[in-house]
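Presented below is the structure to which this report refers.
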């Protein structure tokens, strides 16, 4: 028997929405403040997945300037009807646990990797929107409603309203069809129709250790909805020994052979610290419908499995991705993202010096507006990332180098800069809960010419290195705590965080002269440095 190994989308890939069109499967996941918005992965066998698109790639579709950390794109929903792909998403402008500014939009495309439309504004009543296509051709928007009033349940239920394709707006009355169960924090609604019932799947219990998937059903669209007597249908909340924790926020798909699978959010705690530094990932479970019409895990119980029976489909592996990017293309590698906005030629160029990524120094790593930074997800507990930078700073306000970052308040930065009396030098800048510090007692003096930079992350240990020739490496600074680049650490220090750790390249010029840095390559691979 063939098996699928979870997670199927490792690293920060939360809030999955799965879709099948013919023989092709697609999963859309949240990207929060990282641009372009929404990741779409593709598979033909539910085993092997590859990143193929980020549809929100224009500032006219998504302008996140000023958005808070862990704001931006929450919980996209991908669907398809009559030759058109529909993508629903939330752009969170403010969220503090009391008041939320959450704007919901719709974009469409006829090709999954093609040009997506300009956004249609839907509403701002809450987050986690989804679109249900009923058998009669009518379309319905669902989203949780945020109730900010004193003494009220913030998660005020699941709203339903009709969407008019012709008028490109919501029409008719708004129904609150489900107030949730005893698990609370009811969000992430998805509607399905199966054998005469409307099935409402929601996420409950919050997105951390108490997360869960719950189900309810009704013979009419607007309810009342009968709660599954064995809820939750999937959760990790009762077993802290499971490898896949935080199971929740799910979506259903039926294969072309009539098998059913559920994709869901999960997190893998770091053994030494218990924090999920890889962020919230996407896993999959095989499910079946019982004789009395409820959804259950095919393997029994309600706990997520690491190994899952694969569907009766031909295997379709994708080519292995290269570990090294020499920046020979005029387009940025799809695995890189920027923060909040696209970076034009005035900030980032792959053309001005062919074979190099040129970053022109802009605002600090704390900025919510224009950062000259490109980064990719950490997707393994153990990895090595290496680059070579040419940079000739003239001021302490000019920096460029290699950064391991969770958000603007939490990062480790190995940078080339300038110090009076020393000249060009190497420093480590640490930011922990917005408290900035330096990791070296004295900067390391550098000669003119290229400088090779490396980081090795081994579970909770993060170590920087540098080299003049790319062969002989010297450790820089101490071991740093990589587990702090996680959701759990931020919540431990009472900050909001819903993303994951990234590693990448950046350049700052706080003098405003926009001094540039040229990066020759970027290499990322799982494991410790190769001999």
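Of the numbered conditions (1) crowded, with 21+ Cβ neighbours inside 10 Å; (2) farther than 12 Å from residue 385 by Cα, residue 475 satisfies every one except a single condition; which is it?
(1)
Just give me the residues in the range 493-531 being closer than 20 Å to residue 474 by Cα and part of a loop (DSSP other than H, G, I, E, B), in sequence order.
527, 528, 529, 530, 531
For (1) within 28 Å of residue 119 (Cα to Cα); (2) in contact with a helix residue (DSSP H, G or I) (Cβ under 9 Å, 6 or more places away or on another chain); (3) crowded, with 18+ Cβ neighbours inside 10 Å, each residue gets a yes or a no:
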{"position": "140", "(1), (2), (3)": "yes, no, yes"}
{"position": "144", "(1), (2), (3)": "yes, no, yes"}
{"position": "193", "(1), (2), (3)": "yes, no, no"}
{"position": "200", "(1), (2), (3)": "yes, no, yes"}
{"position": "220", "(1), (2), (3)": "no, no, no"}
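For residue 466, all conditions in the list (1) part of a strand (DSSP E or B); (2) free of Cβ contacts under 8 Å to residues at least 24 places away in the same chain; (3) under 26 Å from residue 380 (Cβ atoms) hold save one; what is the number of the exception?
Condition (2) is where residue 466 drops out.
Residues of the range 377-397 being within 25 Å of residue 447 (Cβ to Cβ) and assigned to a loop (DSSP other than H, G, I, E, B), which ones?
Within the range 377-397, 391, 392, 393, 394, 395, 396, 397 qualify.
So, in the range 469-487, how many residues would count as being in contact (Cβ under 8 Å) with a residue 60 or more places away in the chain and over 20 Å from residue 432 (Cβ atoms)?
Selection size over the range 469-487: 1.
As an exercise: evaluate residue 354 against (1) within 25 Å of the chain's Cα centre (by Cα); (2) touching a residue at least 24 places away in the same chain (Cβ under 8 Å); (3) surrounded by fewer than 18 Cβ atoms within 10 Å (Cβ to Cβ) and give the number of the one condition it does not meet.
Failing condition for residue 354: (1).
So residue 96 passes all but one of these: (1) in contact with a strand residue (DSSP E or B) (Cβ under 8 Å, 6 or more places away or on another chain); (2) more than 24 Å from residue 253 (Cα to Cα); (3) surrounded by fewer than 22 Cβ atoms within 10 Å (Cβ to Cβ). Which condition number does it fail?
Against the list (1) in contact with a strand residue (DSSP E or B) (Cβ under 8 Å, 6 or more places away or on another chain); (2) more than 24 Å from residue 253 (Cα to Cα); (3) surrounded by fewer than 22 Cβ atoms within 10 Å (Cβ to Cβ), residue 96 comes up short only on (1).
Out of all the residues in the range 304-330, which are without any contact (Cβ under 8 Å) to a residue 60 or more places away in the chain and closer than 20 Å to residue 371 by Cβ?
none
Residue 130 - would you say it is free of Cβ contacts under 8 Å to residues at least 24 places away in the same chain and closer than 27 Å to residue 42 by Cβ?
no
May I ask you to list the residues in the range 274-301 that are assigned to a loop (DSSP other than H, G, I, E, B) and buried (at least 17 other Cβ atoms within 10 Å of the Cβ)?
Matches in the range 274-301: 275, 276, 277, 278, 279, 280, 294.
Each value in this text was obtained by applying a stated rule to the coordinates, not by laboratory testing. Please read these numbers as outputs of a predicted model, since none were measured by experiment. Note: ideal-geometry Cβ built from the backbone for every residue, glycine included; neighbour counts use all protein chains shown.
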